[in-house]
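Taking it in order: structure first as structure tokens, then the write-up.
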Amino acid sequence: MAVSDQEFVERLKANDPTAYEELIENYAEMVYRVVYRILQDPHDAEDAMQETFLTVYRRIGSFRGGSKFSTWLYRVATNVALDMIRARQRKQGQDLSWDDTEEEGAPLPDTVTPLPEEVLMRQECIALLEEGLQQLSPKLRTALVLYELEGLPMKEVAEVLGISPSAAKVRVHRARLLLQEYLRQRVQEAV
Amino acid sequence: MNHEKWIAQLSDYVDGLLKGEELKRFEAHLAECEECQRLLDNMRQLRAKMRDVAPGKLTPEAKLRLYERLNEERAKRGEALLRIPQALLDEVAARAKAAAEAAREVAGEMTQAAKEVASAGAEVATTMGKGVARTGGKTTEVAKAAAESAMDVAKEMGKTAVDVGKIATVESAEVVSEAVESPLKAAATPARLAAKGMKAGTRMMTGGAKTMAASVKGAAKVTKKGVEAAATGALEGAKAAKEVTKTSKKAAEAGASVAKAAAKGAKKVVKGETEED
């Protein structure tokens with residue numbers, strides 16, 4: 001952990017209010033952005049953001065400094081968001097197995113049809129991508145959000161998700177292929 | 001190596017994770033495989049497009065509520081509270097003011113709409129009075145249609161004004177009294193009032209749209225009946241004209257009281273007044 005990170009964490013542990021003010025100013029946007037992309041609802045995202053910061057406040061003592069502070073914060077945020085999805089699904093009586101086929105070792109699609117060039121040039125491509133992200137399972141969506149949208153290195157994605165780097169790679173790859181396939185199907189439906 | 005394996009390596013290639021011999025073998029395959037080349041292009045373009053996907057914006061009000069929530073927790077443990085940046089409070093207050101002004105503008109438009117309803121009603125009365133001598137007959141049906149449409153419009157406007165008034169007074173009252181009881185909540189009052197103001201403004205605009213729709217619907221009904229009346233030519237003259245005039249007057253009165261209520265509601269949103277005020 002960097003020296004400045006270390007000092008910051010010590011101040012948080014000492015309950016220095018200015019450290020918590022810096023925490024909000026430096027990290028609130030990032031936390032909101034990540035949980036919003038996982039939950040895709042502004043009200044849920046706000047609840048998850050508040051819960052993330054409350055968890056940091058209550059459990060900063062458990063942070064040992066083995067990773068960067070931001071990695072730990074991402075981990076707290078994604079766990080809060082995924083817990084909210086689990087709770088939502090439990091309420092709706094939905095299956096909680098969460099797509100076991102996505103893990104390392106499960107077969108990937110052996111054929112993927114390339115998209116026509118013009119699909120990616122269309123204005124509605126962004127809207128379709130947003131829809132496609134919603135269709136992904138929470139685990140795949142989270143891996144893709146962390147890697148593609150937050151720009152975390154794969155090793156850090158793995159740390160945040162508590163899985164191996166190769167499992168993280170498989171999730172990102174699978175998410176990309178499924179997104180591509182979703183776009184292709186939607187475009188075909190529109191023709 | 002089967003094709004599935006090449007596809008599995010696509011992501012690694014795009015991410016610059018292939019090295020040494022593995023990289024050479026993949027690039028050799030890529031040089032000969034059009035499908036993989038296209039898939040690779042797709043993946044690169046998708047990555048670029050993904051960056052345009054909406055990130056979700058943290059509003060100033062949500063950030064203020066975050067400060068408030070943390071302070072609630074810290075207060076429970078007797079710990080020093082966080083200082084909320086003045087710039088954030090100013091931004092939230094400015095947005096609250098803008099929301100209230102928007103609500104007031106909508107109320108103004110509804111007043112105008114009410115006047116137009118009244119004026120349209122009066123025109124109907126004049127037209128019917130002239131037409132009665134020529135057509136007679138189903139003029140009572142026309143009068144009824146005009147009356148129904150005017151009352152529909154007035155009812156819609158009345159409902160909206162009541163909704164707005166309720167939101168503006170009761171909900172603003174809740175927020176203001178909370179602020180008095182709790183200094184912590186006082187900091188978030190502008191955010192909450194802004195949220196209420198925005199809700200009131202939205203309701204007013206929805207109500208305005210519904211009112212216009214009711215007006216258009218009513219006008220179409222009246223026109224249809226008027227054409228039918230002219231076609232049949234029966235005569236019930238003076239009675240029909242009197243009925244229409246009475247109805248138009250009612251519509252005008254209803255419109256005026258709706259406009260008054262809407263304006264009062266908007267005023268309360270702006271001032272954040274309680275029910276007692």
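The values are calculated or read from the model by the stated rules, or taken from the named source; none is laboratory data. Being a predicted model, the structure only gives us computed values, none of them experimental. All Cβ positions, glycine included, derive from the backbone under ideal geometry; neighbour counts span all protein chains shown.
When region A:36-74 is limited to residues that are farther than 17 Å from A:Glu21 by Cβ and of a type in the set (A, V, I, L, M), the one that is surrounded by the most Cβ atoms within 10 Å (Cβ to Cβ) turns out to be A:Ala48.
Within region A:164-177, the set of residues being in contact (Cβ under 8 Å) with a residue 24 or more places away in the chain and either more than 8 Å from chain B (Cβ to nearest Cβ) or under 12 Å from the mean Cα position of the chain (by Cα) (or both) comprises A:Ser164, A:Ser166, A:Ala167, A:Ala168, A:Val170, A:Arg171, A:Val172, A:Arg174, A:Ala175.
Taken over region A:40-73, the criterion of being part of a helix (DSSP H, G or I), of a type in the set (S, T, N, Q) and closer than 20 Å to A:Glu148 by Cα is satisfied by A:Ser70, A:Thr71. When region A:19-39 is filtered for residues that are at the interface with chain B (Cβ under 8 Å from one of its Cβ atoms) and either farther than 23 Å from A:Leu146 by Cα or in contact (Cβ under 8 Å) with a residue 60 or more places away in the chain (or both), the ones remaining, listed by number, are A:Tyr20, A:Glu21, A:Arg33, A:Arg37. Restricting to region B:10-36, name every residue that is polar (S, T, N, Q) and more than 9 Å from chain A (Cβ to nearest Cβ). None; the set is empty. If you go through region A:40-50 and pick out every residue that is at pLDDT 95 or above and within 9 Å of chain B (Cβ to nearest Cβ), you end up with 4.
Kindly indicate which of B:Leu39, B:Leu82, B:Leu64, B:Leu58 is assigned to a helix (DSSP H, G or I), within 35 Å of the chain's Cα centre (by Cα) and either facing chain A (nearest Cβ under 7 Å) or closer than 24 Å to A:Arg33 by Cα (or both).
From the options B:Leu39, B:Leu82, B:Leu64, B:Leu58, the qualifying one is B:Leu64.
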